Amino acid sequence: MSHLTSYIMGKWVQGEGEGRKIYHALTNETLYTVTTEGLPLADSLEYGRKVGGETLSALTFQQRGQMLKSLAKYLLEHKAHLYAISAQTGATKADSWVDIEGGIATLFSYSGLANRELPDDTIWPEDEMIPLSKQGQFIGRHILTSRRGVALHINAFNFPCWGMLEKLAPTWLAGMPAIIKPATASAQVTQAMVKLMVESGLVPEGAIQLVCGGVGNMFDYLDFEDVVTFTGSAATGQKLKSHPTIIAKSVPFTMEADSLNCAVLGNDVHPEQPEFALFIKEVVREMTAKAGQKCTAIRRVIVPKNQLENVKQALLKRLSSTTMGDPAVEGVRMGALINLEQRQDVQDKVDYLRQNGCEVLCGGQFNQLDIMGGDPKNGAFYPPTLLYCAEPFKHHAVHETEAFGPVATLMCYDNDDIQQAVQLAILGGGSLAGTLVTADPQVAQSVIRMSARAHGRMLILNEASALESTGHGSPLPLLVHGGPGRAGGGEELGGLRAVKHYMQRTAIQGSPSMLTSITKQWVRGADTVTDVVHPFRKHFEDLVIGDTLLTARRTVTEADITHFACLSGDHFYVHVDKIGAAQSLFGERIAHGYFVVSAAAGLFVDAGVGPVIANYGMENLRFIEPVKIGDTIQVRLTCKKKIKKRKNLLKIHQMAWLNGMCKSLIRTTLWWRYTVF
């Protein structure tokens with residue numbers, strides 16, 4: 001038996017005293033002891049702020065994104081070591097795959113977001129310029145800057161790798177260091193991954209620290225620029241959220257708690273339909289994956305009354321074929337719970353539900369098990385357990401009590417009253433995830449519109465979506481993970497939404513030139529730079545923000561419109577029908593919007609061979625005023641911002657503000673991206 005060390009202030013350190021024990025899920029053998037007694041936990045906060053925070057916040061978003069990608073590649077190369085340790089928690093290989101490689105995939109996902117959407121800067125202008133005055137010399141804009149604090153991540157035992165990485169990715173991308181506090185029961189898996197991170201040399205010193213054991217008095221030393229995230233039980237989360245320091249200093253606190261998630265079978269589905277089989281498969285998968293130890297697992301199975309017996313028999317048949325035991329044994333599909341303490345907790349909750357309106361249809365006891373290659377006495381095995389609540393509107397325990405294991409409760413609603421199904425779903429008091437299985441778009445419309453308010457995420461499953469669906473319980477990096485009420489009221493992931501949680505949003509006000517200088521992005525009304533050298537003659541490093549080209553003019557003719565109509569095939573009446581156009585709100589024929597764009601391109605390009613090679617798209621293109629026969633247009637092309645990509649990618653610079661000039665100024669905002677060497 002060894003002591004599980006923590007990584008604090010750049011060193012692996014061991015706490016004092018005996019501490020808590022970590023057990024092997026399959027044998028109950030003591031593996032490690034864990035304690036933080038005597039460790040300088042308060043000092044670790046300041047170390048993270050000064051050492052890790054200074055380094056990370058000085059990196060640009062592009063550099064942080066590249067760090068995430070490099071680290072993800074390194075972890076993938078060393079994943080076999082992590083799988084071996086994960087097996088100690090009772091996880092099957094499929095369970096560990098979700099935890100280990102699913103977590104690493106989150107790093108890749110956030111690296112991609114940074115590469116595609118974030119600036120090559122330490123400041124993130126969140127929106128466009130907001131005019132605040134008539135003359136345009138007093139404007140506003142929101143910017144996001146890195147907090148100079150530490151993100152304290154307190155994680156649950158069920159996903160020791162993914163639970164850490166799904167928080168670390170947006171934290172580091174925001175330029176903030178992190179202190180990881182894993183749940184003790186599976187802390188050895190988290191520690192193994194952190195060791196790999198440290199050994200890789202890819203993570204700046206102080207960017208990550210690991211506390212294996214209790215947090216001690218760390219909460220007393222939190223400051224207003226710090227952030228706390230918590231995943232675990234609602235009771236523990238509420239206790240931490242109400243800590244005096246959290247309240248006094250308004251420390252941001254995000255909680256993701258276990259919830260009584262539901263799966264609803266639409267009243268349009270019958271056993272002969274493919275959706276019926278999908279429903280059964282999804283429920284059983286969510287009951288048995290990770291032995292039911294998932295915050296998103298299906299706990300309440302809601303079906304129409306006329307399908308109750310069919311669903312019951314189908315679930316019992318499929319559950320009876322679930323093989324349980326040592327995941328190393330061929331054919332085992334479900335492993336053990338994390339430890340005997342958790343097994344007893346699940347048993348206590350099942351017993352409580354039995355006493356409060358539920359009956360056991362299968363499972364319900366851990367003392368009589370058929371185990372493949374495992375010890376049913378010393379291993380933390382618990383059978384797949386299906387309960388039935390005949391009166392779910394009367395017995396509220398089923399909507400309030402969660403057995404955090406392979407346990408779900410079947411209940412029904414009146415056949416023709418889909419609103420009853422919605423009421424049962426909402427009785428859960430707020431859920432992380434819900435699933436609706438239906439083949440009828442009208443059923444989907446009714447259920448989702450009525451119940452979305454009580455769920456953080458909802459899956460609508462039918463034959464079409466099932467082909468590519470990731471399933472009920474799979475949080476995705478680009479979608480929010482969290483939920484209202486019992487689920488904690490917080491949000492994680494959701495793409496760049498998660499990054500913003502670790503940054504400070506500030507509204508800045510001033511002149512266009514001042515805001516351009518601060519954000520390094522040109523805005524309308526700011527100073528420009530006119531050069532005799534055409535922008536297409538310049539390399540990336542030669543361009544400066546505000547570089548501007550004012551082109552020659554071009555008058556639009558009737559022949560232009562006619563020729564463009566023939567070339568494009570766009571013979572819309574306001575372009576080609578003189579009588580029809582006269583009766584329109586324009587009063588006469590107008591040029592095609594895309595002709596104006598094409599003509600504009602002809603005005604601002606430099607035809608010769610040079611560093612610019614391609615335009616790969618336009619954003620925010622709007623046709624806000626008509627261009628008529630005889631109108632004259634002119635283009636103003638200004639370098640709005642520059643983003644330097646990795647050396648092995650083509651460098652990109654972005655140019656904007658193509659202004660068409662006619663009798664009255666027509667401003668059509670375009671984003672032009674040009675690839676240069």
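The values are calculated or read from the model by the stated rules, or taken from the named source; none is laboratory data. Values in this document were obtained by computation on a predicted structure and should not be read as measured data. So basically every Cβ, Gly included, is an ideal-geometry build from the backbone, and we count neighbours across all protein chains shown. Areas reflect the complete protein model, heavy atoms only, side chains present, ligands, DNA and RNA absent. Shrake-Rupley method; radii C 1.70, N 1.55, O 1.52, S 1.80 Å.
Yes/no per residue for (1) in contact (Cβ under 8 Å) with a residue 60 or more places away in the chain; (2) out of contact with any strand residue (DSSP E or B) (no Cβ under 6 Å at 6 or more places or on another chain):
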{"residue": "88", "(1), (2)": "yes, yes"}
{"residue": "94", "(1), (2)": "yes, yes"}
{"residue": "105", "(1), (2)": "yes, yes"}
{"residue": "113", "(1), (2)": "yes, yes"}
{"residue": "123", "(1), (2)": "yes, no"}
{"residue": "130", "(1), (2)": "no, no"}
{"residue": "136", "(1), (2)": "yes, yes"}
{"residue": "144", "(1), (2)": "yes, no"}
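Could we say that residue 344 is over 30 Å from residue 464 (Cβ atoms), open to solvent by 20 Å² or more (accessible area, probe 1.4 Å), within 34 Å of the chain's Cα centre (by Cα) and free of Cβ contacts under 8 Å to residues at least 24 places away in the same chain here?
So residue 344 passes the test.
Which ones in the range 178-203 are in a loop (DSSP other than H, G, I, E, B), out of contact with any strand residue (DSSP E or B) (no Cβ under 9 Å at 6 or more places or on another chain) and open to solvent by less than 30 Å² (accessible area, probe 1.4 Å)? Please lay out each step first, then the result.
As a first pass, look at the range 178-203 and keep what is in a loop (DSSP other than H, G, I, E, B): 182-183, 201-203.
With out of contact with any strand residue (DSSP E or B) (no Cβ under 9 Å at 6 or more places or on another chain) added as a condition, the list becomes 201-203.
Result: 203, single match.
Within the bounds of the range 550-562, is there any residue that is under 30 Å from residue 628 (Cβ atoms), over 43 Å from the mean Cα position of the chain (by Cα), open to solvent by 70 Å² or more (accessible area, probe 1.4 Å) and free of Cβ contacts under 8 Å to residues at least 40 places away in the same chain?
There is no residue in the range 550-562 that is under 30 Å from residue 628 (Cβ atoms), over 43 Å from the mean Cα position of the chain (by Cα), open to solvent by 70 Å² or more (accessible area, probe 1.4 Å) and free of Cβ contacts under 8 Å to residues at least 40 places away in the same chain.
Tell me, which residue of the range 356-365 that is in a loop (DSSP other than H, G, I, E, B) and surrounded by fewer than 19 Cβ atoms within 10 Å (Cβ to Cβ) is modelled with the highest pLDDT? Full working, then the answer.
Filtering the range 356-365 down to residues in a loop (DSSP other than H, G, I, E, B) leaves 356-357, 363-365.
Checking which are surrounded by fewer than 19 Cβ atoms within 10 Å (Cβ to Cβ) leaves us with 356, 365.
Values: 356: 94, 365: 85.
Going through the qualifying residues, I end up with 356.
Sort out which residues of the range 609-634 are in contact (Cβ under 8 Å) with a residue 24 or more places away in the chain and closer than 17 Å to residue 537 by Cβ, and write them in order of number.
Going residue by residue through the range 609-634, those that are in contact (Cβ under 8 Å) with a residue 24 or more places away in the chain are 610-634.
Listed by number, the residues that qualify are 610, 611, 612, 613, 614, 615.
If only one of 387, 353 is modelled with pLDDT of 95 or more, crowded, with 21+ Cβ neighbours inside 10 Å and part of a helix (DSSP H, G or I), which one is it?
Selected residue: 353, the only one of 387, 353 that is modelled with pLDDT of 95 or more, crowded, with 21+ Cβ neighbours inside 10 Å and part of a helix (DSSP H, G or I).
Any chance you could count how many residues in the range 96-121 are small (Gly, Ala, Ser), more than 30 Å from residue 640 (Cβ to Cβ) and either touching a Lys or Arg at 6+ places or on another chain (Cβ under 9 Å) or open to solvent by less than 10 Å² (accessible area, probe 1.4 Å) (or both)? Let's see the steps before the verdict.
Just the residues of the range 96-121 that are small (Gly, Ala, Ser), to begin with: 96, 102-103, 105, 109, 111-112, 114.
Within this subset, residues satisfying the condition of being more than 30 Å from residue 640 (Cβ to Cβ) are 96, 102-103, 105.
If we keep only those that are either touching a Lys or Arg at 6+ places or on another chain (Cβ under 9 Å) or open to solvent by less than 10 Å² (accessible area, probe 1.4 Å) (or both) as well, we get 96, 103.
Count: 2.
Which of the numbered conditions does residue 470 fail, given that it passes all the others? Conditions: (1) of a type in the set (Val, Ile, Thr); (2) under 19 Å from the mean Cα position of the chain (by Cα); (3) open to solvent by less than 20 Å² (accessible area, probe 1.4 Å).
(3)
Here are some conditions: (1) open to solvent by 50 Å² or more (accessible area, probe 1.4 Å); (2) in a loop (DSSP other than H, G, I, E, B); (3) at pLDDT 80 or above; (4) of a type in the set (A, V, I, L, M). Residue 621 meets all but one. Which one does it not meet?
(1)
Just to check your reading of the model, which residue among 263, 234 is in contact with a helix residue (DSSP H, G or I) (Cβ under 7 Å, 6 or more places away or on another chain) and closer than 22 Å to residue 167 by Cα? Explain how you work it out, then say what you get.
Details: 263 fails: closer than 22 Å to residue 167 by Cα.
Every option except 234 fails the conditions.
Residue 395 versus (1) within 21 Å of residue 346 (Cα to Cα); (2) over 28 Å from the mean Cα position of the chain (by Cα); (3) of a type outside the set (D, E, K, R); (4) crowded, with 24+ Cβ neighbours inside 10 Å: which is the lone unmet condition?
Residue 395 satisfies all of (1) within 21 Å of residue 346 (Cα to Cα); (2) over 28 Å from the mean Cα position of the chain (by Cα); (3) of a type outside the set (D, E, K, R); (4) crowded, with 24+ Cβ neighbours inside 10 Å except (4).
Is there a residue in the range 502-513 that is over 30 Å from residue 68 (Cα atoms), part of a helix (DSSP H, G or I), open to solvent by less than 50 Å² (accessible area, probe 1.4 Å) and free of Cβ contacts under 8 Å to residues at least 60 places away in the same chain?
Yes, the range 502-513 has at least one match.
Would you check if there is a residue in the range 181-189 being among the hydrophobic types (A, V, I, L, M, F, W, C), in contact (Cβ under 8 Å) with a residue 40 or more places away in the chain and in contact with a helix residue (DSSP H, G or I) (Cβ under 6 Å, 6 or more places away or on another chain)?
Yes.
Name the single residue, out of those in the range 550-597 being in a helix (DSSP H, G or I) and charged (D, E, K, R), that is nearest to residue 634 (Cα to Cα). First the steps, then the outcome.
Filtering the range 550-597 for residues in a helix (DSSP H, G or I) gives 558-568, 573-576, 578-582, 593-597.
Checking which are charged (D, E, K, R) leaves us with 558, 560, 578.
On the way: 558: 18, 560: 16, 578: 26 Å.
Result: 560.
What are the residues in the range 201-248 that are under 24 Å from residue 190 (Cα atoms) and of a type in the set (Val, Ile, Thr), if any?
Within the range 201-248, 203, 208, 211, 215, 227, 228, 229, 231, 236 meet the criteria.
Please enumerate the residues belonging to the range 10-37 that are open to solvent by less than 60 Å² (accessible area, probe 1.4 Å), closer than 16 Å to residue 209 by Cβ and of a type outside the set (S, T, N, Q).
Of everything in the range 10-37, those that are open to solvent by less than 60 Å² (accessible area, probe 1.4 Å), closer than 16 Å to residue 209 by Cβ and of a type outside the set (S, T, N, Q) turn out to be 10, 13, 15, 34.
Within the range 240-339, considering only helices (runs of 4 or more DSSP H) that don't extend past its boundaries, which have at least 3 residues that are at pLDDT 90 or above and buried (at least 18 other Cβ atoms within 10 Å of the Cβ)?
Values: elements: 244-248, 274-288, 308-320.
Filter on the range 240-339 gives 274-288, 308-320.
Within the range 140-157, count every residue that is open to solvent by less than 10 Å² (accessible area, probe 1.4 Å) and either under 30 Å from residue 93 (Cα atoms) or assigned to a loop (DSSP other than H, G, I, E, B) (or both).
Of the residues in that region, 4 qualify.
Scan the range 15-46 residue by residue and report those that are of a type in the set (Gly, Ala, Ser) and touching a residue at least 60 places away in the same chain (Cβ under 8 Å).
Step one: of the range 15-46, the residues of a type in the set (Gly, Ala, Ser) are 15, 17, 19, 25, 38, 42, 44.
Residues satisfying the conditions are 15, 19, 25, 42, 44.
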